[in-house]
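Worksheet: one structure, shown below.
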Amino acid sequence: MKKLLALLLTVVMLFSFAACGENSSELLGMSDAPIDAVEVKVDYEIPDDFKIGFICLHDENSTYDLNFLNAVDAIQKATGLKDEQVIVKTTIGEDDTCYNTAKDLATQGCDIIFANSFGHEAFMIKAAKEFPEVEFCHATGTKAHTEGLANYHNAFASIYEGRYLAGVAAGMKLNEMIEEGKITAEQAKMGYVGAFTYAEVISGYTSFYLGAKSVCPTVTMDVQFTGSWYDPTEEKNAAEALIAKKCVLISQHADSMGAPGACEAALVPNVSYNGATYESCPETFIVSSKIDWTPYYNYIIKCVVKGEKIAADWCGGIAEGSVVLTGVNQDVAAEGTVAKIKEVVKGLTDGTIKVFDTKTFTVEGKELTSYVADVDDKGDYVPDTEVVENGVFNESVKRSAPYFDLKVDGITRLNEKF
């Protein structure tokens, strides 16, 4: 009956999706998003000669880049920016192509130039030094607070909170599978497809694991790295390898449909990233977390228009609308998932729940009491800043980009691609 309902809902979706839009998510078998959307407030006037440029590593085929591109559409709609005031460049490599593109955008009169990939940073800094009158903003970067350039800025979001919430949904699904006798408590092993062994990925999969562990104490997790942000074949292969190793639920920090597609084919529950995969994977998709970049775009445009300083490091959270969850696929998720996520959201926002509470995990069998992280990234991976205070690893506090890079007990790295 459940599969029949899912099929009927899929048929409804195919005929009605374009007309229904996101607000009609119940028609797709999905709940409303557990985190209420935050309205973007535009309380400023944009001059006719204002321009903003965007540099993306890939195009809309990458879920990561699509996320940024959707935010461009959203901020343009919210602010009334004309098409000629917004210049978007896609498939820009992490090489001198980025520098040359940034220069081109600057000479076209852009007041702000934003780049979205970690490997763009050196080239954005180079351009920022050459065009001091232009504001250069960069997602996922680490060097703004050490470079000391007035016109160069880093930004990220506390997406570890979103991944923790998605992990809670995963843990509840594991509990349901245990209760139904599909697996034993000892078989509650998740798989995770990661791109690189960067702190951003490690922070993400660890927070996902800790969210699952908060409701399913016996959970363990294997991680398979692909060595690429976007490689559909490698991501599919990684997911299939994890399933072959008896992982009963899969998530990922990778940018294609490779892993979700493999899960749908094998009927293995999946927690996606950067947007719902319900349309393609209705029988396995549970929920997805993502960063909404619209609030940051709004912030930097407002700063420039009003002549205010842009923070060297900016990190938005749930309150700012930067951390987002999709609706929950109630045909796959465990009963009570939405209510539980909302309960945890409240704990995260009022501070009673900390994602990296050191009492909730161990490293080599020991509770973490101190950790000096490589926050002032100089390319040498030398620890320089104490980040554990009052029993909490303070992620994205000393700089916006993640620096959690610990190997937590219960998580096994199957390979070590960089």
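What is the set of long-range amide H partners of Phe285 at a cut-off below 5 Å, with H atoms built 1.01 Å from backbone N?
Asn270
Mind checking the dipole of the chain: about its Cα centre, +1 per Lys or Arg Cβ, -1 per Asp or Glu Cβ, Debye to the nearest 20?
With Lys and Arg at +1 and Asp and Glu at -1, about 860 debye.
As an exercise, take the mean of 1/r over every pair of distinct alpha carbons in the chain, invert it, and state the Kirkwood radius in angstroms.
Taking every pair of different Cα atoms in the chain, averaging 1/r and inverting gives 21.9 Å.
D for region 170-226, whole µm²/s, Stokes-Einstein with Kirkwood Rh over alpha-carbon pairs at 20 °C and 1.002 mPa s: what number?
In µm²/s, the coefficient is 182.
Which of the trypsin sites (Lys or Arg not before Pro) found in region 162-236 are loop residues per DSSP with 16 or fewer other Cβ atoms within 10 Å of their Cβ?
Passing sites in region 162-236 are Lys182.
May I ask you to derive the FRET efficiency for Lys246 and Asp104 from their Cβ-Cβ distance with R0 = 41 Å, giving the value to the nearest 0.05?
FRET efficiency, Lys246 to Asp104: 0.20.
Report ³J(HN,Hα) in whole Hz for each residue of region 80-92, in order, from the Karplus equation J = 6.51 cos²θ - 1.76 cosθ + 1.60 where θ = phi - 60°; Gly and Pro get x.
Residue by residue, region 80-92 yields x, 4, 6, 4, 6, 9, 10, 10, 10, 10, 10, 6, 9 Hz.
What is the set of long-range amide H partners of Gln252 at a cut-off below 5 Å, with H atoms built 1.01 Å from backbone N?
Long-range HN contacts for Gln252: Val193.
Taking 0.36 nm per residue of sequence separation and subtracting the Cα-Cα distance, how much length would be gained by fully extending the chain between Val388 and Ala78, in nm to one decimal?
Extending this stretch completely gives an extra 107.7 nm.
For the residue pair Val363 and Glu335, what label-to-label distance in nm results when each label sits 7 Å from Cα along the Cα-to-beta-carbon direction?
4.1 nm
Taking the Cα centre as origin and putting +1 on Lys and Arg beta-carbons and -1 on Asp and Glu beta-carbons, what dipole magnitude results for region 256-379, to the nearest 20 debye?
380 debye
For Phe114, enumerate residues with amide H under 5 Å from its amide H, sequence gap 5+ or separate chain, H modeled in the peptide plane.
Result for Phe114 returns Gly53, Phe54, Ile55, Cys137.
Trypsin sites (Lys or Arg not before Pro) within region 80-130: which are DSSP loop residues with at most 12 other Cβ atoms inside 10 Å?
Sparse-neighbourhood loop trypsin sites (Lys or Arg not before Pro): Lys82.
Assign one of three labels to region 308-390, namely rounded, prolate or oblate, based on the Cα gyration tensor with a ≥ b ≥ c the square roots of its eigenvalues; rounded applies when a/c is under 1.5, prolate when it is not and a/b is larger than b/c, and oblate otherwise.
It is oblate, given that a/c is not under 1.5 and a/b is not larger than b/c.
If each of Ser228 and Lys309 carries a label point 7 Å out from its Cα toward its Cβ, how far apart are those two points in nm?
Each label point lies 7 Å from its Cα, and together they span 4.3 nm.
Using packing as a proxy for protection, rank 288-295, 118-125, 346-353 so that the peptide with the highest average count of other Cβ atoms within 10 Å comes first.
For the peptides 288-295, 118-125, 346-353, the packing ranking is 288-295, 118-125, 346-353.
Over 26 Å between C-alpha atoms is what I'm after, so list which of Lys89/Lys354; Lys213/Lys245; Lys189/Lys354 land there.
Lys89/Lys354
Can you compute the helix-only [θ] at 222 nm over the chain? Use -39500 (n - 2.57) per DSSP H run of at least 4 residues, normalise by all residues, nearest 500 deg cm²/dmol.
-11000 deg cm²/dmol
Classify region 30-134: rounded, prolate or oblate, from the alpha-carbon gyration tensor (a ≥ b ≥ c, eigenvalue square roots; a/c under 1.5 rounded; otherwise prolate if a/b is larger than b/c)?
oblate
Would you mind computing, in nm to one decimal, how far apart the modelled labels at Tyr381 and Lys407 are, each placed 7 Å from Cα along Cα→Cβ?
Result for the modelled spin labels: 1.2 nm.
Positive end of the charge dipole of the chain (Lys, Arg +1 and Asp, Glu -1 on Cβ, about the Cα centre): tell me which of Gln224, Ile112, Tyr64 has its Cα farthest that way.
Value: Gln224.
Where does the charge balance sit around Leu57 when Lys and Arg score +1, Asp and Glu -1, over other residues with C-beta under 10 Å from its C-beta?
Net charge around Leu57: -4.
Go through 135-142, 296-303, 92-99 and give me the packing order, highest mean Cβ count within 10 Å leading.
Going by the mean number of other Cβ atoms within 10 Å, highest first, we get 135-142, 296-303, 92-99.
What is the sum of charges around Thr184, taking Lys and Arg as +1, Asp and Glu as -1, for the other residues whose C-beta is under 14 Å from the C-beta of Thr184?
Neighbourhood net charge equals -1.
Each reported figure results from applying straightforward, stated rules to the coordinates on display, with no laboratory input. Everything quoted here is computed from the prediction, not taken from an experiment. When we count neighbours, we look across all protein chains shown, and the Cβ atoms used for this are built from the backbone with ideal geometry, even at glycine.
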